[in-house]
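The values are calculated or read from the model by the stated rules, or taken from the named source; none is laboratory data. Every value quoted in this text rests on a predicted model; they were computed, and no experiment measured them. Quick reminder, even Gly has a Cβ in these numbers, built from the backbone with ideal geometry, and neighbours come from all protein chains shown.
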Amino acid sequence: MHAPRSILFVCLGNICRSPAAEGAMRAHAARAGLDLALDSAGTGRWHVGEPPHPPMVAAARARGYDLSPLRARQVARADFSRFDLILAMDAQNLADLRRLAPAGSAARIEAFLPGGATVPDPYYTEDFEGALDRVEEGVAHWLAQLAA
Ligand code: 4NP
């Protein structure tokens with residue numbers, strides 16, 4: 001497969017983990033001089049049209065990631081042909097994406113964290129710093145893959 005140039009990050013609500021991953025990857029890819037098309041989406045539709053969760057926006061801003069322009073949307077059928085790589089923030093998101101993927105779709109669907117580990121959901125845990133730590137691990141992992 002050619003190197004991924006477009007990446008979609010997916011979580012459940014698209015207001016905490018996947019926007020954080022998109023924002024962090026946007027910042028680190030720019031620093032690395034990588035030209036990537038990035039987006040995020042949720043498997044659920046509860047928060048469609050909303051900005052990311054304010055405590056996550058604040059915690060991300062403190063690390064240099066601007067999530068303020070982002071708005072939640074739900075994963076769409078077209079995403080499976082528009083993106084080279086679709087990264088799931090937890091095992092349930094991964095299972096849902098694999099079930100939703102149209103037969104023969106080109107996108108590679110993978111866990112965001114190595115080994116399929118879960119990014120704990122700070123919407124429930126309120127541990128925004130811990131979630132961002134895991135997000136930065138995942139971003140570093142994929143940046144290394146992209147540079148290889
Ligand atoms: P996220 O967190 O998947 O990291 O965006 C969630 C936010 C909202 C809900 C679930 C997860 N919710 O059910 O409203």
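Values for this structure:
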item	result
Yes/no for Ala101 being over 15 Å from the mean Cα position of the chain (by Cα), more than 16 Å from the ligand (Cβ to nearest atom) and at pLDDT 95 or above	yes
Cβ-Cβ under 9 Å pairs, at least 6 apart or on other chains, the stretch 51-73 side in contact (Cβ under 8 Å) with a residue 60 or more places away in the chain, far side more than 15 Å from the ligand (Cβ to nearest atom) and part of a loop (DSSP other than H, G, I, E, B)	Ala60/Asp66
Residue count, the stretch 6-39 (criterion: within 16 Å of the ligand (Cβ to nearest atom) and of a type in the set (S, T, N, Q))	2
Single residue of Arg63, Arg45, Arg71 found to be of a type in the set (Lys, Arg), under 13 Å from Ser18 (Cα atoms) and surrounded by 13 or more Cβ atoms within 10 Å (Cβ to Cβ)	Arg71
When residues of the stretch 104-116 are limited to those that are touching a Leu at 6+ places or on another chain (Cβ under 8 Å) and at pLDDT 95 or above, the one surrounded by the most Cβ atoms within 10 Å (Cβ to Cβ)	Phe112
Of all residues in the stretch 117-148 being closer than 13 Å to Ala20 by Cα, within 14 Å of the ligand (Cβ to nearest atom) and among the β-branched types (Val, Ile, Thr), the one that is surrounded by the most Cβ atoms within 10 Å (Cβ to Cβ)	Val135
Any chance Gly42 is away from the ligand (no atom under 16 Å from the Cβ) and not charged (D, E, K, R)	no
